[in-house]
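**Student:** I have a structure I would like to understand better, so I am pasting it below and will then ask my questions one at a time.
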Amino acid sequence: MSKTGYRLILNLSGPEGNAFAVMANVSTVLLKFDRELGTNYESSYTENVLKGNYENVLKISCKYVDLVDLSGEYTHLLSKFY
């Protein structure tokens with residue numbers, strides 16, 4: 001389970017699956033958590049997610065939110081991170 005327990009459903013094979021789109025969607029969720037709960041997840045996420053490739057973006061994102069691929073094409077990859 002992720003740090004927030006928030007379930008983020010994206011179509012990773014479409015425009016939402018672009019690495020920058022994934023990071024933006026996750027950052028938006030984390031900023032809400034930070035404001036509501038006084039956590040510091042978003043800055044920690046941003047610091048770590050920018051290192052590496054697309055798989056790293058998904059891996060780090062899965063640490064903070066429960067990422068679900070609507071297209072089903074990346075389910076096997078995401079399952080490695082849970």
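Values quoted throughout were computed directly from the atomic coordinates according to the rules given, and no laboratory measurement underlies them. Computed from a prediction, not measured in an experiment: that's the story for all the values here. No Cβ is skipped: glycine too gets one built from the backbone with ideal geometry, and neighbour counts run over all protein chains shown.
**Student:** Quickly run through region 11-28 and pick out the residues that are touching a helix residue (DSSP H, G or I) at 6+ places or on another chain (Cβ under 8 Å) and surrounded by 14 or more Cβ atoms within 10 Å (Cβ to Cβ).
**Tutor:** Answer for region 11-28, where residues must be touching a helix residue (DSSP H, G or I) at 6+ places or on another chain (Cβ under 8 Å) and surrounded by 14 or more Cβ atoms within 10 Å (Cβ to Cβ): Asn11, Leu12, Glu16, Ala19, Ala21, Val22, Met23, Asn25, Val26, Ser27.
**Student:** Quick one: in region 52-82, of everything that is among the acidic types (Asp, Glu) and within 19 Å of Val29 (Cβ to Cβ), which residue is surrounded by the most Cβ atoms within 10 Å (Cβ to Cβ)? Full working, then the answer.
**Tutor:** To start, the set of residues in region 52-82 that are among the acidic types (Asp, Glu) comprises 55, 66, 69, 73.
Retained after the next criterion (residues that are within 19 Å of Val29 (Cβ to Cβ)): 66, 69.
Details: Asp66: 16, Asp69: 20.
The extreme case among them is Asp69.
**Student:** Also, I was wondering about something else. Can you confirm whether Gly5 is within 24 Å of His76 (Cβ to Cβ) and surrounded by 14 or more Cβ atoms within 10 Å (Cβ to Cβ)? Let's see the steps before the verdict.
**Tutor:** Working: within 24 Å of His76 (Cβ to Cβ): yes; surrounded by 14 or more Cβ atoms within 10 Å (Cβ to Cβ): no.
It is false that Gly5 is within 24 Å of His76 (Cβ to Cβ) and surrounded by 14 or more Cβ atoms within 10 Å (Cβ to Cβ).
**Student:** How about region 44-82: which of its residues are among the small types (Gly, Ala, Ser), over 11 Å from Met23 (Cα atoms) and outside any loop (DSSP other than H, G, I, E, B)?
**Tutor:** In the first step, residues of region 44-82 are kept if they are among the small types (Gly, Ala, Ser); the result is 44, 52, 61, 71-72, 79.
If we keep only those that are over 11 Å from Met23 (Cα atoms) too, we end up with 44, 52, 71-72, 79.
Hits for region 44-82 are Ser44, Ser79.
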